[in-house]
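Student: Following this message is one structure expressed as structure tokens.
The values are calculated or read from the model by the stated rules, or taken from the named source; none is laboratory data. Since we're looking at a predicted model, the values are computed, not measured. Reconstructed Cβ throughout: ideal geometry from the backbone, glycine too, with neighbour counts over all protein chains shown. Surface accessibility is based on the protein's heavy atoms, side chains included, excluding ligands, DNA and RNA. Shrake-Rupley method; radii C 1.70, N 1.55, O 1.52, S 1.80 Å.
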Amino acid sequence: SNHWDAQLMQAGQNHDGMYFFAFDGEENRGLLVINHEYTNETLHPTGASFIDGRRPLEEVKKEQAAHGVSVIEVARADDGRWQRVFPSRFNRRVSAMTPMAISGPLSGDARMKTAADTTGRAVSGTINNCSSGKTPWGTYLICEENWHHYFTNTDAGDYAKRPTHQRYGITQGDQAKKYAWNTADARFDATPQSGQPHQGYVNEPHRFGWVVELDPFDPDSTPVKRTAFGRFCREGVGMALAENGQMAYYSGDDARGEYIYKFVPSHRYSADEDARGNDWLDTGILYVARFDDDGRGVWLPLVHGENGLTAEQGFTDQGDVLLNARGAADILGATPMDRPEWAAVHPHSREVFV
């Protein structure tokens, strides 16, 4: 990891999650996929700036372009050193402006629609990509962590009526806590705008906080936000695969007092299936962990209509549960943790370490 960091680190960027994907049958060639979680002021020659209280659009676009993920083809030379392959059809940048699809239970849902996307099925980019994960079929899972700092809602009355803004800590005030992108890019201003379709961008925060599946071997593919995983500030995702093909994806919600989750897809993986373009991560059950004083624990299913997740508690359907997984976990009595980050699965015992 340190070797790659030394070669690939760019001024002003933080790198966290990283995976290597080998080409089938090849030991000396593969794809390095690396996250660019956030930027700092050194990205700009004289530091980030404001003009009359607003960020310059050119600086904001530069920061948005520096976020996201890089796919880099690498090969090992005869002397054993790994080097970047350039040019390569696989080399790719995915940023805060890259077109992405929304899939799963909330695809096309009214709560995902904005003035720019009246279908609720497409979103521009991914942000604050901390750690990551991968699937058995060779795709990369991008995790969106502290996305809430990028948005603001300046309407106090409206904010008070939106649990998905309150429970996740969307900024209140003229400037979003991180970068103040809202002063240059309207979609990061989640204040409702009368007269605009879907009140402008009040739903834009709903379109972040997901697991994004990226196929590094298909540079023309569209990354997909998988809403069945549930929405929170996910550090990363660790996958366990049982002998019968059952998958389980474990994640920590990286904030003080938050929870540990797992998502169990309905589909069972088989290496004999053609995995390209599948929708295997679009259905399943999201669970949250409760740890008891005797050292045991229980996985509690976050399913609408069960365990108090009803309209009386503010959850009208499963879409509400997935959008506000934190609030749903509160009701179920999940165990608050001290910033749970990485989840790692033992390759033989399948024990999960957080």
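Student: Sorted from largest down, what three extents in whole angstroms do the Cα atoms of the stretch 152-215 have along their principal axes?
Tutor: The principal-axis extents, from largest down, are 41, 26, 26 Å.
Student: OK, next. Taking all pairs of distinct Cα atoms, average 1/r, flip it, and tell me the Kirkwood hydrodynamic radius of the stretch 96-187 in Å to one decimal place. Present the calculation step by step, with values, prior to reporting the outcome.
Tutor: Numbers: mean 1/r = 0.0673 Å⁻¹.
For the stretch 96-187, the Kirkwood estimate is 14.9 Å.
Student: Cross-link partners among lysines for residue 262, C-alpha distance below 21 Å, same-chain residues fewer than 8 apart left out?
Tutor: Candidates past the 8-residue exclusion: 134, 225.
Student: Let me ask something else about it. Can you pull out the trypsin sites (Lys or Arg not before Pro) in the stretch 99-189 that DSSP calls coil and that have at most 11 other Cβ atoms within 10 Å? Walk me through the numbers on the way to the answer.
Tutor: Details: sites: 111, 113, 121, 134, 161, 167, 177, 178, 187; in loops: 113, 121, 161, 167, 177, 178.
Qualifying residues, ordered by number: 161.
Student: Right, another one. Which of the lysines could a cross-linker span from residue 177 if the Cα-Cα distance has to be under 22 Å and same-chain partners fewer than 8 positions apart are dropped?
Tutor: Partners within reach: 61, 62, 161.
Student: Of [x] 73, 61, 55; [y] 59, 43, 36; [z] 65, 56, 38, which is the value of Cα extents along the principal axes in Å derived from the coordinates here?
Tutor: So the structure-derived entry is [z].
Student: Only four residue types carry charge here, +1 at the Cβ of Lys and Arg and -1 at the Cβ of Asp and Glu. Report the dipole size of the chain about the Cα centre in Debye, rounded to the nearest 20.
Tutor: Values: 35 positive and 49 negative charges, 113 e Å.
Computed about the Cα centre, the dipole is about 540 debye.
Student: Name the residue farthest towards the positive end of the dipole of the chain from the options 53, 97, 333, assuming +1 on Cβ of Lys and Arg, -1 on Cβ of Asp and Glu, about the Cα centre.
Tutor: Highest projection toward the positive end goes to 53.
Student: Now for a separate question. Looking at the chain, which longest stretch skips every one of the GluC sites (Glu not before Pro) that is in a DSSP loop with at most 15 other Cβ atoms within 10 Å, leaving the sites themselves out? If you can, show how the numbers build up before the last one.
Tutor: Numbers: sites that count: 26, 27, 243, 273, 306, 351.
Looking at the chain, 28-242 is the longest stretch - no exposed GluC sites (Glu not before Pro) with at most 15 other Cβ atoms within 10 Å.
Student: Name the trypsin sites (Lys or Arg not before Pro) in the stretch 43-109 that are in a loop by DSSP and that have at most 11 other C-beta atoms within 10 Å, would you? Intermediate values should be presented prior to the final figure.
Tutor: Working: sites: 54, 61, 62, 76, 81, 84, 89, 92, 93; in loops: 81, 89.
Loop-located and lightly packed - 81, 89.
Student: At 1.4 Å probe size, with every protein chain present, just tell me what the per residue accessible area of the chain comes to in Å².
Tutor: Result: 45 Å² per residue.
Student: Could you compute how fast the stretch 166-284 diffuses translationally, taking Rh as the Kirkwood radius over C-alpha pairs and applying Stokes-Einstein at 20 °C with viscosity 1.002 mPa s? Give it in µm² per second.
Tutor: Taking Rh from Cα pairs, D becomes 126 µm²/s.
Student: Follow-up. Along the charge dipole of the stretch 233-295, Cβ charges K/R +1 and D/E -1, which of 237, 277, 252 sits furthest on the positive end?
Tutor: 277
Student: Could you pull out the trypsin sites (Lys or Arg not before Pro) across the stretch 241-346 that fall in loop regions by DSSP (anything but H, G, I, E, B) with no more than 12 other Cβ atoms inside 10 Å?
Tutor: Numbers: sites: 256, 262, 268, 276, 290, 296, 326; in loops: 268, 276, 296.
The qualifying sites are 276, 296.
Student: Probe radius 1.4 Å, ligands and nucleic acids ignored: give me the carbon and sulfur share of the accessible area of the stretch 42-173 as a rounded percent.
Tutor: Working: 2910 of 5580 Å².
Here carbon and sulfur together make up 52 percent of the probe-accessible area.
Student: From the C-alpha coordinates alone, can you work out the Kirkwood hydrodynamic radius of the stretch 8-115, in Å?
Tutor: Details: mean 1/r = 0.0597 Å⁻¹.
Roughly 16.7 Å, rounded to one decimal.
Student: So what does residue 298 come to for accessible area, using a 1.4 Å probe and Å² rounded to 10?
Tutor: 60
Student: Then there is this: I need two numbers for the stretch 128-169: Rg to one decimal and Dmax as a whole number, Cα atoms only, in Å.
Tutor: Values for the stretch 128-169 (Cα only, Rg and Dmax): 15.2, 46 Å.
Student: Right, something else. Put +1 on the Cβ of every Lys and Arg and -1 on every Asp and Glu Cβ in the chain; which of 125, 353, 85 then has its Cα farthest towards the positive end of the dipole?
Tutor: 125
Student: What share of all Cα pairs of the stretch 264-346, in percent, falls into each consecutive 10 Å distance bin?
Tutor: Pair shares across the bins are 15, 37, 32, 15, 1.
Student: Got a number for carbon plus sulfur as a percent of the stretch 220-354's accessible area, 1.4 Å probe?
Tutor: Working: 2950 of 6450 Å².
Answer for the stretch 220-354 is 46 percent, counting heavy atoms of protein chains only.
Student: How large is the dipole of the stretch 97-244 about the Cα centre if only Lys and Arg carry +1 and Asp and Glu carry -1, each at its Cβ, rounded to the nearest 20 debye? Intermediate results must be reported in sequence, preceding the final value.
Tutor: Details: 15 positive and 16 negative charges, 80 e Å.
Approximately 380 debye in magnitude.
Student: Given 25 °C and 0.890 mPa s, how large is the Stokes-Einstein diffusion coefficient of the stretch 216-263 in µm²/s, with Rh as the Kirkwood radius over Cα pairs?
Tutor: Diffusion coefficient, whole number: 193 µm²/s.
Student: Given charges of +1 on the Cβ of Lys and Arg and -1 on the Cβ of Asp and Glu, with all other atoms neutral, how large is the dipole of the stretch 215-272 about its Cα centre, in debye to the nearest 20?
Tutor: Computed charge dipole of the stretch 215-272: roughly 320 debye.
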